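Only the coordinates and a few stated rules stand behind these numbers; no lab work does. Fair warning: this is a prediction, and the values are worked out from it, not measured in the lab. Here the Cβ positions follow ideal geometry from the backbone for every residue, glycine too, while neighbour counts run over all protein chains shown.
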Amino acid sequence: MRALFAALLLAFSLGPAFAVEPEEMLDDPALEARAREISKELRCLVCQNQSIDDSNAGLARDLRVLVRERLTAGDSNEDALSYIVARYGDFVLLRPPVSPRTYALWFGPALLFVIAGLGLVVFYRRRQAAPAETPPPPLTEEERARLETLMDEDRKP
Amino acid sequence: MNKRLLFVLPVVLLIGIAVLFAVGLKHDPSIVPSVLLDKPAPSFDLPPLSNDKPGLATAALNGKVSLVNVFASWCGPCRVEHPLFMHLAQEGEVPIYGINYKDKAADAKRWLRDLGDPYTRIGVDGDGRVAIEWGVYGVPETFVIDREGTIRFKHVGPLSPEVLEETILPLVRNLQQ
């Protein structure tokens, strides 16, 4: 029972499994950490919604190894990323870069928000600016009497 | 203000969004446009698969319009498009160069012996590194290279007779002029 409990505890404490295999890893922990960081930014083109850090696809593995080679060769993180982007395009980046092609993507929501806000402001301004309605004319004697009788009817029973 | 505009605007917006969706939903997200189009082919040098046929290097792409096909014996779709290449090779209109991607030499040779060998040159890319230089992310992929060694077109996935007849061959003929 105790052994089973220990086994379960161990199984659940392991956390998520990564696709990175031990033999791919670099000896230098700082470089390896940078490689992991870069890999998380890169889309696996075979299974498109995974990063190459998560993917078991052959190409993802090749790209992980390539990133590590670039870093070992002295590339900065940006250099390594742009090396891959030069071959696979912006699409390989999971976070699309801000460029004229992606302005709509990055600024579209904010723009819509601003337009909606402006619309609201205009709407309320216009309502306030509208001339106050002239008060209705007072009731005539006749109307007042009729109102009284109606009210009395309600009060009686 | 202009009341009519208030009524027309939502309709115009709706039509705009509908058009956007109509285009967007037809677009196949698994096809990634190549950034290498209209750029010179990457520099590479691949060894031959067998002794009787030369390997493939950047220099071989100069001087002639050519097709470069990335293939592997383990790749099912490659088998599908293969007869098209055999036919094309018989016509002799354009040389077809092969990049044998992450394959075992014995398997690749058997594959070509069984199905026929349409390639004028075959370069062996055992670790897939040259394929990365070409921006390949799945086999098969087919490139059209012009006389200057520039990549002019890329097709991802097996060639269909339509793509070959309506896109690739007209482009090849155009480039050959």
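Points to keep in mind about this one:
- The mean count of C-beta atoms from other chains within 10 Å of the C-beta of residues in B:135-147, rounded to a whole number, is 2.
- Share of pairwise Cα-Cα distances greater than 18 Å in the range A:2-97 is 48 percent (whole percent).
- Partner chain coverage, peptide A:81-91 - average Cβ within 10 angstrom: 4
- Rounded to the nearest 20, the size of the Cβ-charge dipole of the range A:101-155 about its Cα centre is 940 debye, with Lys and Arg at +1 and Asp and Glu at -1.
- The range A:2-97: relative contact order as a whole-number percent, Cα under 8 Å and 6+ apart: 25 percent
- Most positive-pole-ward Cα, A:Gly58, A:Val85, A:Ala6, against dipole of the range A:2-97 from beta carbon charges: A:Ala6
- Orientation-averaged projected area, Cα convex hull of the protein assembly as shown (nm²): 39.0 nm²
- Along the axis of the charge dipole computed for the range A:101-155 (Cβ charges of +1 for Lys and Arg, -1 for Asp and Glu, origin at the Cα centre), the listed residues A:Tyr103, A:Gly117, A:Pro138 are led at the positive end by A:Tyr103.
- Unit charges at the beta carbon, dipole of chain B: most positive-side option, B:Gly116, B:Gly126, B:Leu49: B:Gly126
- Three-way shape call for the range B:36-104 based on the alpha-carbon gyration tensor, with the a/c threshold at 1.5: rounded
- In order along the range B:15-24, the Karplus-derived 3J(HN,Hα) couplings, from 6.51 cos²θ - 1.76 cosθ + 1.60 at θ = phi - 60°, round to 4, x, 5, 4, 5, 4, 5, 4, 6, x Hz, and Gly and Pro are given as x.
- For the range B:77-151, the relative contact order comes to 33 percent (Cα pairs under 8 Å, sequence separation of at least 6).
- Protection proxy ranking of B:94-107, A:46-59 - average other beta-carbon atoms within 10 Å, highest first: B:94-107, A:46-59
- Sequence-ordered 3J(HN,Hα) estimates for the range A:76-91 from the Karplus curve with 6.51, -1.76 and 1.60 and θ = phi - 60° stand at 7, 4, 5, 4, 5, 5, 6, 4, 6, 4, 4, 9, 10, x, 4, 4 Hz, glycine and proline given as x.
- Cα shape, the range B:33-176, gyration tensor, a/c 1.5 rule: rounded
- Residue ranges B:163-170, B:75-82, A:116-123, A:65-72 sort as A:65-72, B:75-82, B:163-170, A:116-123 when ordered by packing (mean number of other C-beta atoms within 10 Å per residue, highest first).
- Ellipsoid equivalent to the range A:101-155 - semi-axes via the Cα gyration tensor, in Å: 54, 15, 5
- Here the peptides B:144-152, A:142-150 are ranked by packing, the mean other Cβ count within 10 Å, and the order with the highest first is B:144-152, A:142-150.
- Across B:Lys53/B:Lys154; A:Lys40/B:Lys39; B:Lys53/B:Lys102, pairs whose alpha-carbon gap is larger than 22 Å: B:Lys53/B:Lys154; A:Lys40/B:Lys39
- Dipole magnitude for chain B: about 500 debye, using +1 per Lys or Arg Cβ and -1 per Asp or Glu Cβ, origin at the Cα centre.
- No disulfide-compatible partner, judged by a Cβ distance under 4.7 Å, exists for the following cysteines of the protein assembly as shown: A:Cys44, A:Cys47.
- Two numbers describe the Cα atoms of the range B:121-164: Rg and Dmax, which are 11.5, 32 Å.
- Partner chain coverage, peptide B:102-113 - average Cβ within 10 angstrom: 0
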